[in-house]
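Quick notes on the structure that follows.
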């Protein structure tokens, strides 16, 4: 079977993540690579309160990972992630939606880099007030 691109959303134990962010999030990538996968993008999405407790936890860290993996290895990956004590929930979606999401993530990173470049260019010169140089006193 050929390698597919997967969009993985993992909800991690927030308490364990707070104590060891790199170790907890790194376990996801490690397991994927050990199953023969290739990490394309792996990053924190957000930390939030869960709609209902999962494994006794009320908060979770949402970790987003795009990866490439042989389709016949996905079952083993899911099993290993379910057994991982730091992973509360693991979902992996395949196909064009995941590839489109990968493309959107890359475009978002490019736009963010461009925005940061423009912020530096649009700085207000020293000694000149922002807003066209007029103060409220001149409007009276």
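Under 9 Å between Cβ atoms, at least 6 apart or on separate chains: pull out the pairs that start in region 1-23 with a residue that is at negative phi and without any contact (Cβ under 8 Å) to a residue 40 or more places away in the chain and end on any residue that is assigned to a strand (DSSP E or B) and buried (at least 20 other Cβ atoms within 10 Å of the Cβ).
18/61; 21/61
Filtering region 24-35 down to residues that are in contact with a strand residue (DSSP E or B) (Cβ under 6 Å, 6 or more places away or on another chain) and without any contact (Cβ under 8 Å) to a residue 40 or more places away in the chain, which residue is surrounded by the most Cβ atoms within 10 Å (Cβ to Cβ)?
Here is the first cut: in region 24-35, the ones in contact with a strand residue (DSSP E or B) (Cβ under 6 Å, 6 or more places away or on another chain) are 24-25, 28-29, 32.
Filter again for without any contact (Cβ under 8 Å) to a residue 40 or more places away in the chain, leaving 25, 29.
Working: 25: 20, 29: 15.
My answer is 25.
Would you mind telling me which numbered condition in (1) part of a helix (DSSP H, G or I); (2) out of contact with any strand residue (DSSP E or B) (no Cβ under 6 Å at 6 or more places or on another chain); (3) modelled with pLDDT of 85 or more residue 17 fails?
(2)
Can you tell me which residues in region 20-37 are farther than 12 Å from residue 73 by Cα and assigned to a helix (DSSP H, G or I)?
Residues satisfying the conditions are 21, 22, 23, 24, 25, 26, 27, 28, 29, 30.
Here are some conditions: (1) at pLDDT below 85; (2) assigned to a helix (DSSP H, G or I). Residue 1 meets all but one. Which one does it not meet?
Result: residue 1 passes all but (2).
The values are calculated or read from the model by the stated rules, or taken from the named source; none is laboratory data. Fair warning: this is a prediction, and the values are worked out from it, not measured in the lab. For neighbour counting, all protein chains shown are included, and Cβ atoms are generated from backbone atoms with ideal geometry for every residue, glycine included.
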